[in-house]
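> Here's a structure for you.
The values are calculated or read from the model by the stated rules, or taken from the named source; none is laboratory data. For clarity, every value in this text was computed on a predicted model and none was experimentally measured. Positions of Cβ are backbone-derived with ideal geometry, glycine not excepted, and every protein chain shown enters the neighbour counts.
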Amino acid sequence: MEEVVCSKEDLNPGEMMESTFGRHSIVVCRASDGHYYAFLNRCIHQGAPLSKGKICGAPEPTDTLGEYNFDREGDILRCPWHGREFDIRNEGRMLANEKFKIKNFNVMEKNEQVIVYK
Ligand code: FES
C-alpha cells in the first residue's frame, strides 16, 4: 500500500502538516536535512495530536556541568499537551527515554510528491 500524503512544496525544512495514510491520521515532518518523515498523529503519552505541537530544537549538554547548547533546530517534534519531545530523524524516539517512540512510517519522494508506504 502506498499513498501520496502531500506535495514536496507543501513543507519547508522545520515545518509539519497533518495528513492521512489509509484510515490513520499522520503528521508529515520535514526535518533540517530536507528529508520528509511521517508519524502517527498521536502522542504515546495521552494521545495528543502531534500536528498541533511544534517543531523545534533541544538543549544538548556540554562538557561543563549545568551548561547546555540549544541545538538541532527543526529536528524535534514537541507534543502540544505536556511537552514530550521526539526525535524526527531518529525514528520518532523520545528524547527523555529512547526506549519509547511514536509510530513511524516509511516515506519516499517521487517526482514532486511525498509518498508513505507499507
Ligand atoms: S499527550 Fe503528549 S506529552 Fe502528554
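> Please specify each residue of segment 57-89 satisfying the condition of being within 16 Å of the ligand (Cβ to nearest atom) and either in a loop (DSSP other than H, G, I, E, B) or β-branched (Val, Ile, Thr) (or both).
Hits for segment 57-89 are ILE76, CYS79, PRO80, TRP81, HIS82, GLY83, ARG84, ILE88.
> Another question about this same structure. Given the criterion of a type outside the set (Lys, Arg) and modelled with pLDDT under 95, identify the matching residue among GLU85, GLU67, GLU91, GLU98.
Only one candidate passes the filter, namely GLU67.
> Here's another thing I want to ask about it. Please verify whether GLY47 is of a type outside the set (A, V, I, L, M, F, W, C), in a loop (DSSP other than H, G, I, E, B) and within 16 Å of the ligand (Cβ to nearest atom), treating the condition exactly as stated.
Details: of a type outside the set (A, V, I, L, M, F, W, C): yes; in a loop (DSSP other than H, G, I, E, B): yes; within 16 Å of the ligand (Cβ to nearest atom): yes.
The answer is yes for GLY47.
> Whether any residue in segment 94-103 is outside any helix (DSSP H, G or I), touching a helix residue (DSSP H, G or I) at 6+ places or on another chain (Cβ under 9 Å) and within 12 Å of the ligand (Cβ to nearest atom) is what I want to check.
Yes, that holds for at least one residue.
> For segment 10-56, give me each residue that is over 17 Å from GLU85 (Cβ atoms), hydroxyl-bearing (Ser, Thr, Tyr) and buried (at least 19 other Cβ atoms within 10 Å of the Cβ).
Selection gives SER19, TYR36.
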